[in-house]
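Visitor: I'd like to ask you about the structure that follows.
The values are calculated or read from the model by the stated rules, or taken from the named source; none is laboratory data. All of these numbers come straight from a predicted model, not from anything done at the bench. For neighbour counting, all protein chains shown are included, and Cβ atoms are generated from backbone atoms with ideal geometry for every residue, glycine included. Each accessible area value is taken on the protein alone, full model and side chains, heavy atoms only, with ligands, DNA and RNA left out. Shrake-Rupley method; radii C 1.70, N 1.55, O 1.52, S 1.80 Å.
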Amino acid sequence: MTRATETTVQSISAAAPDTAKDPVIACAGITARYNRISVVHGVDLEVRAGELLAVLGPNGAGKSSMLGAIAGIVSGGGEVRIGGTDIGRMSANARAARGLSFVPEQRGNIFPAMSVRENIDVGLRLLDPGEREAQRDFILDMFPILKVRDKAHAGVLSGGEQQMLAIGLALGRNPAVLVLDEPSQGLAPAVFDILENAFNALKARGLALLLAEQNVPFASRIADRYIILSQGEVMRRGGKDDLKNPEELADVFMGGADN
Amino acid sequence: MFEFIEYLTRGALVGVTYGLLAFPVSLLFSTTGSVDVALGAYAVLAAAVLYVIGGPLGVIVAIGVAVFASILVGLISLRLNRPGHIDHIIAVLGTFGLATFIESFILTVFGTNPMIRQPFSTFWDIGGIRVSPQMGINVVVCLAILSALFIVLQKTPFGRAMRASAVNPVGAALNGIPVKQIWFATYVLGGFLAGVAGVLILYTTGADYSTAFNLTIWGFGAAIIFGMHGPLRGFAGGLVIGIVQALSAGYLPGGWATAIPFIFIFVILSLGRMNQIAATGGRV
């Protein structure tokens, strides 16, 4: 872990969450493209410590592409500032080392041929050796099933267990920002409660969470604010009050930009 | 029967060197999805350098030259590919070009003469089979290196990072693993192992400029026989290739002796082994 990241992590962990503070992550003019086809056109967003921002929108709105561009695995541009430093031109692994953890759609950050323990070890490798056991305990306390499935290959876990492992893996380096793409996709409703508890615990710990979701009712349970993407642009922003009516919110983006 | 056992023994002893070449083939394939066709050329280059310099210094320089050549290939590969945006054909053609260049270089500087050194004038007698002590050294060196690499891969953070990069390069990058550097390290490791193989080959069967391509094919064949899954399988594959070679040389006319190991590899490929590898990204 770099000294800059350590400072960020320490200050976030020590301080009580205060959403009025400067944002932990601030993105400006985010674009994403596949070859020459542009799919996200200059999105601005920011997330503060202890806050969860939901990115809503229909299929093809550009949610995954935008998160991928922020994480550095999809070509794009724009500023991605963490703790004031622009990491928008860095490689994906350098962004991860500077406190940005990304859990892609379909748990694409796990290693199916490796055991649960080995997966978590991979996630912990950027931490100082002295901090690893405490972080491992934090992850396993959050998702106790991973302790039970310690020796199982990640590829044989259920979808819910894989999602927990994917989040645990991303938490291994004690990030400042956790970015998740459709974490509820294809999961049993019982797992929703586990994820909700986990996200609340992470918010209480002071992490900034940025999450793309199509499941608006689930997003409304956990989000503090939201943005709706349509055709690669922000069509609406809002807060807690709107999230109290998830059906109405879903109607907004299912109706497209005309609403 | 005694003759058959002798061929088996000699083949297996020669095959350990192919097992050493098989390791980087399988490791590079599973890590990057590509093949370094220049591996055999590194080995012959190392043999040629040691042939000229000789002694312990020659061994160090020979392996160093092989590593240097692999660094060039690694840099070219990094330039051509990045995680998620890979064109294997370009990378393979790049290594093929370097292999041809090295062969031409060896031909120009060292000529067509075979290069071989025989450091031992006495032989071991194992059940009536005369075996050079160099064969014993080859077995010890290969087993020691492959065991060490196996432990590194399975038990160390670097090994885990290497395996993670092989299984899921994008996921590895998201976990902070510098995948491109891991790829580069894999190429360099391949150069080191090929250099060691070249040194052992010089002291065993010898080599000339044209041996490079054969060594690549035999290393590749050794790697695919039991699946590109790990060094131990590649090592076992190396023994099989060595034995097939020895039996061909012992029982068939000279022309066939060279062709049979290749035919054997084609048979393995035609049985669908390679399709299975391709379908699983090398994780069979």
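Visitor: Could you name the aspartates and glutamates in cross-link range of residue B:155, using Cα to Cα under 19 Å and dropping any fewer than eight places away on the same chain?
Guide: Straight-line reach from residue B:155, under 19 Å: A:118, A:121, A:128, A:133, A:150.
Visitor: Within a 10 angstrom radius of each residue's Cβ in A:116-129, how many Cβ atoms of other chains show up on average? Whole number is fine. Provide the component values of the computation, followed by the final result.
Guide: Details: counts 0, 0, 4, 4, 0, 4, 11, 3, 2, 8, 3, 0, 0, 1.
Averaged over the peptide's residues, the number is 3.
Visitor: Next question, about the same structure. Mind ordering B:25-34, A:162-171, B:51-60 by average Cβ neighbours within 10 Å, highest first? Could you put the intermediate results ahead of the total?
Guide: Working: B:25-34: 24.0, A:162-171: 25.7, B:51-60: 14.1.
Ranking the peptides B:25-34, A:162-171, B:51-60 by packing returns A:162-171, B:25-34, B:51-60.
Visitor: So what does residue B:205 come to for accessible area, using a 1.4 Å probe and Å² rounded to 10?
Guide: 80
Visitor: Same structure, new question: Let me confirm one metric for peptide B:151-163, namely the mean number of other chain beta-carbon atoms within 10 Å of its residues' beta-carbons.
Guide: Working: counts 0, 0, 0, 1, 0, 0, 5, 1, 0, 7, 3, 0, 5.
The per-residue average across the peptide is 2.
Visitor: Please state the Cα pair-distance histogram of segment B:31-72 with 10 angstrom bins from zero: what percent is in each bin?
Guide: 31, 46, 17, 5
Visitor: Same structure, new question: Using only the Cα atoms of segment B:73-198, what do you get for the radius of gyration and for Dmax, in Å?
Guide: My reading of the Cα-based Rg and Dmax gives 19.7, 59 Å.
Visitor: Another one. Could you tell me the calculated FRET efficiency between residue B:125 and residue B:269, based on Cβ-Cβ distance and R0 = 41 angstrom, to the nearest 0.05? Please list the in-between numbers first.
Guide: On the way: r = 39 Å, r/R0 = 0.96.
E between residue B:125 and residue B:269, to the nearest 0.05, is 0.55.
Visitor: Looking at the protein assembly as shown, what % of the alpha carbon pairs are farther apart than 42 Å?
Guide: Details: 48672 of 147153 pairs.
Value for the protein assembly as shown: 33 percent of Cα pairs lie more than 42 Å apart.
Visitor: As I understand it, the value is the acute angle between the Cα axis of helix A:159-171 and the longest principal axis of the Cα atoms of chain A; what does it come to in degrees, rounded to 10?
Guide: Tilt relative to chain A: about 80 degrees.
Visitor: Springs between alpha-carbon pairs under 10 angstrom, Gaussian network model over chain B: which of B:74, B:19, B:198 fluctuates most?
Guide: Per the Cα network of chain B with a 10 Å cutoff, B:74 tops the list.
Visitor: For segment A:93-156, which trypsin sites (Lys or Arg not before Pro) are both in a DSSP coil and crowded by at most 12 other Cβ atoms within 10 Å?
Guide: Details: sites: A:95, A:98, A:107, A:117, A:125, A:132, A:136, A:147, A:149, A:151; in loops: A:98, A:125, A:149, A:151.
Passing both the DSSP loop test and the Cβ count: A:151.
Visitor: Please report, in whole Å³, the volume per residue of the convex hull around the C-alpha atoms of segment A:175-259. The partial results should precede the final answer.
Guide: Working: hull volume 9.0 nm³, N = 85.
Hull volume over Cα atoms, normalised by residue count, gives 105 Å³.
Visitor: When 1/r is averaged over all different Cα pairs and the result inverted, which Kirkwood radius in Å belongs to chain B?
Guide: Details: mean 1/r = 0.0525 Å⁻¹.
After inverting the mean inverse Cα-Cα distance, the result is 19.0 Å.
Visitor: What's the local net charge at residue A:64, with K and R +1, D and E -1, over the other residues with C-beta under 10 Å away?
Guide: Working: positive: A:63; negative: A:105, A:181, A:182.
Around residue A:64, the surrounding residues sum to -2.
Visitor: May I pose another question? At a 1.4 Å probe radius, which order do B:70, B:270 fall into by accessible area, largest first? All intermediate terms of the calculation are to be shown ahead of the outcome.
Guide: On the way: B:70 0, B:270 90 Å².
Ranked from most to least accessible, the order is B:270, B:70.
Visitor: Ignoring everything except DSSP H segments at least 4 long, calculate the 222 nm mean residue ellipticity for chain A; use -39,500 (n - 2.57) per segment, divide by total residues, nearest 500. Mind showing how you got there, number by number?
Guide: Working: 11 runs with 104 residues, N = 259.
So the helix-based figure for chain A works out to -11500 deg cm²/dmol.
Visitor: Taking every pair of distinct Cα atoms and averaging 1/r, then inverting, what Kirkwood hydrodynamic radius in Å comes out for segment A:74-226? Write out the running numbers ahead of the final one.
Guide: Values: mean 1/r = 0.0630 Å⁻¹.
Across segment A:74-226, the inverse of the average 1/r is 15.9 Å.
Visitor: Based on the alpha carbon coordinates of chain A, what radius of gyration and maximum Cα-Cα distance (Dmax) apply, in Å?
Guide: Taking only Cα atoms of chain A, I get Rg and Dmax of 17.3, 54 Å.
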